[in-house]
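What follows is calculated from the coordinates using simple rules that are stated; it is not laboratory data. Computed from a predicted model, the values in this text were never measured in an experiment. As a convention, Cβ positions derive from the backbone with ideal geometry for all residues, glycine included, and neighbour counts pool all protein chains shown.
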Amino acid sequence: MHEVEKLIIIGSGPAAWTAAIYAARAKLEPVVFTGVPKANPAPMLPGGQLMLTTDVENYPGFPQGVSGPEMMELFQRQAERFSTRVIQDDIVSCDFKQRPFALKTAAGATVRGQSVIIATGATANWLGLPNELRLATSGGGVSACAVCDGALPVFRGQPLAVVGGGDTAMEEASYLTKFASTVFIIHRRGEFRASKVMQQRVLSAPNVEVLWNKVVLDVLGDQTIHAVALRDTITGVESELPVKGLFIAIGHTPTTEFLRHSGLELYPTGYIKLNDRSSYTNIPGVFAAGDAADSVYRQAVTAAGMGCMAALDAERWLAASGIH
């Protein structure tokens with residue numbers, strides 16, 4: 001480690017590795033803090049949400065598709081090819097009020113940097129069911145992203161279920177209507193929280209069926225899902241719904257809690273505020289990219305694009321500040 005780093009990148013998904021590739025090729029000598037695996041409340045692995053994705057078919061350059069973990073390994077190897085330094089440790093707090101910036105690690109060290117790119121991503125909110133994450137990580141038909149996975153051959157022409165009642169659930173269900181025989185929307189209440197426009201778009205689709213006042217008790221299936229166990233929140237009656245896919249659409253939580261007292265501006269939802277169409281935050285020299293600053297698209301390709309933007313912005317800011 002240098003006494004003061006020119007650029008510190010926090011994260012290990014598409015945004016972080018793309019930022020590292022661009023920064024390393026620009027001779028910024030970036031150091032990437034990837035974090036360490038965590039188990040609760042849901043699995044979080046270096047590499048981000050793609051580590052829970054078995055098949056990625058919508059990222060350009062992989063005509064036969066690629067697994068999420070393999071893609072992240074390739075990203076990291078490309079970044080390391082240009083001498084990116086990688087440290088497997090968590091950044092637990094940041095002080096952006098002093099310069100150089102001071103970042104504390106879980107191991108107790110303080111790392112100082114002239115500039116920082118935050119690319120810590122966001123984690124899907126899961127239901128916490130016994131078989132949910134097992135079938136999600138094994139490609140068994142459970143997913144937290146319909147746009148990512150809904151077009152896969154295994155889901156085409158099959159009955160699929162979406163859990164949720166907000167705009168995200170409506171968007172997921174609307175996308176799935178193109179591929180599913182029937183899209184069941186499972187909602188624990190008797191009305192949606194989603195906007196009326198989004199509701200109308202989904203409810204007007206001929207292959208959508210809403211199951212009101214229902215909660216999912218478990219995902220049924222050994223290697224692949226074949227049904228979900230439900231309970232009626234009013235009557236208490238339990239039932240099984242045969243489906244070949246379950247899409248959890250109850251929101252995402254950005255991995256930004258460690259920034260709460262850093263001086264960085266966050267939205268109430270925890271996402272990082274950016275200045276217009278850039279990676280600039282409210283603090284000069286601190287940039288953000290990927291799902292930690294994007295509550296709308298949440299795709300690997302958009303995260304990678306934002307990582308590129310952050311590295312270019314950091315390079316220009318460092319040059320303008322006379323830091324070489």
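For helix 167-176, what angle does its Cα long axis make with the longest principal axis of the chain, in degrees from 0 to 90 and rounded to 10?
70 degrees
Work out the charge dipole of region 23-134 with +1 on the Cβ of Lys and Arg and -1 on the Cβ of Asp and Glu about the Cα centre, then indicate which of Gly48, Gln114, Ser67 is farthest towards its positive end.
Gln114
Can you give the extra length, in nm with one decimal, that the chain gains between Ser278 and Phe62 once fully stretched, where that is 0.36 nm per residue apart less the Cα-Cα distance?
So the extension gain works out to 75.0 nm.
So which aspartates and glutamates can Lys214 reach, going by Cα to Cα under 15 Å and dropping same-chain residues fewer than 8 places off?
Glu191, Asp232, Glu238, Glu240
Rounded, prolate or oblate: which fits region 28-127, taking a ≥ b ≥ c as square roots of the Cα gyration tensor eigenvalues, rounded meaning a/c under 1.5, else prolate when a/b beats b/c? Present the calculation step by step, with values, prior to reporting the outcome.
On the way: a/c = 2.50, a/b = 1.49, b/c = 1.67.
It comes out oblate by the Cα gyration axes.
Given the -39500 (n - 2.57) contribution per DSSP H run of 4+ residues, what per-residue ellipticity at 222 nm results for the chain, rounded to the nearest 500 deg cm²/dmol?
-7000 deg cm²/dmol
Counting only GluC sites (Glu not before Pro) that are in a DSSP loop and have at most 15 other C-beta atoms within 10 Å, tell me the longest site-free stretch of the chain.
58-190
When the label point is put 7 Å from the Cα of Arg134 along its Cα-to-beta-carbon vector, which residues of region 235-256 have a backbone N closer than 16 Å?
Nothing falls inside the zone, counting backbone N under 16 Å.
Per 10 Å bin, what percent of the C-alpha pairs of region 126-248 does each bin hold, from zero upward?
With a bin width of 10 Å, the distribution comes to 15, 49, 32, 4.
From Cα pairs below 8 angstrom and at least 6 apart in sequence, can you work out the relative contact order of region 39-192, rounded to a whole percent? Please report the intermediate quantities before stating the final value.
Details: 178 pairs, mean separation 25.8, N = 154.
Contact order relative to length: 17 percent.
Among Ile21, Ile248, rank each residue by its count of other Cβ atoms within 10 Å, from fewest to most, as a rough exposure measure.
Going from least to most buried by this count: Ile21, Ile248.
If I model a spin label as a point 7 Å beyond the Cα along the Cα-Cβ vector, how far apart are those points for Thr269 and Val36 in nm?
Modelled inter-label distance: 3.2 nm.
Placing +1 at every Lys and Arg Cβ and -1 at every Asp and Glu Cβ, with all other atoms neutral, what dipole size does region 126-248 have around its Cα centre, in debye to the nearest 20?
Approximately 260 debye in magnitude.
Compute a Gaussian network model of the chain, connecting alpha carbons closer than 10 Å, and tell me which residue from Ala107, Ala303, Ala161 fluctuates the most.
Ala107
Among the DSSP beta bridges whose two residues both lie in the chain, what percent are antiparallel, rounded to the nearest 5?
In the chain, DSSP labels about 50 percent of beta bridges as antiparallel.
Going through region 1-108, which chymotrypsin sites (Phe, Trp or Tyr not before Pro) have at most 16 other Cβ atoms within 10 Å and a DSSP loop state?
Of the chymotrypsin sites (Phe, Trp or Tyr not before Pro), the ones in loops of region 1-108 whose Cβ has at most 16 other Cβ atoms within 10 Å are Phe82.
If you restrict to DSSP beta bridges whose two residues both lie in region 126-248, what percentage is antiparallel, to the nearest 5?
40 percent
Just want the answer: with Cβ charges of +1 for Lys and Arg and -1 for Asp and Glu, which residue in Gly307, Val147, Met198 is farthest toward the dipole's positive end in the chain?
The one lying farthest along the dipole's positive direction is Gly307.
Among (i) 1.02; (ii) 0.95; (iii) 0.97, which one is Rg/Rh (Cα atoms, Kirkwood Rh) computed from these coordinates?
Recomputing Rg/Rh (Cα atoms, Kirkwood Rh) here gives the entry labelled (i).
With an 8 Å cut-off on Cα pairs and a minimum separation of 6 or more residues, tell me the relative contact order of region 126-248 in percent. Before the final figure, lay out the partial values.
On the way: 266 pairs, mean separation 37.4, N = 123.
Relative contact order here is 30 percent.
Given Cβ point charges of +1 (Lys, Arg) and -1 (Asp, Glu) and nothing else, what value in debye, to the nearest 20, does the dipole of the chain about its Cα centre take?
For the chain, the charge dipole is close to 580 debye.
Which Cys residues of the chain have no other Cys beta carbon under 4.7 Å away?
By the Cβ distance rule, which asks for a partner under 4.7 Å, the isolated cysteines are Cys94, Cys308.
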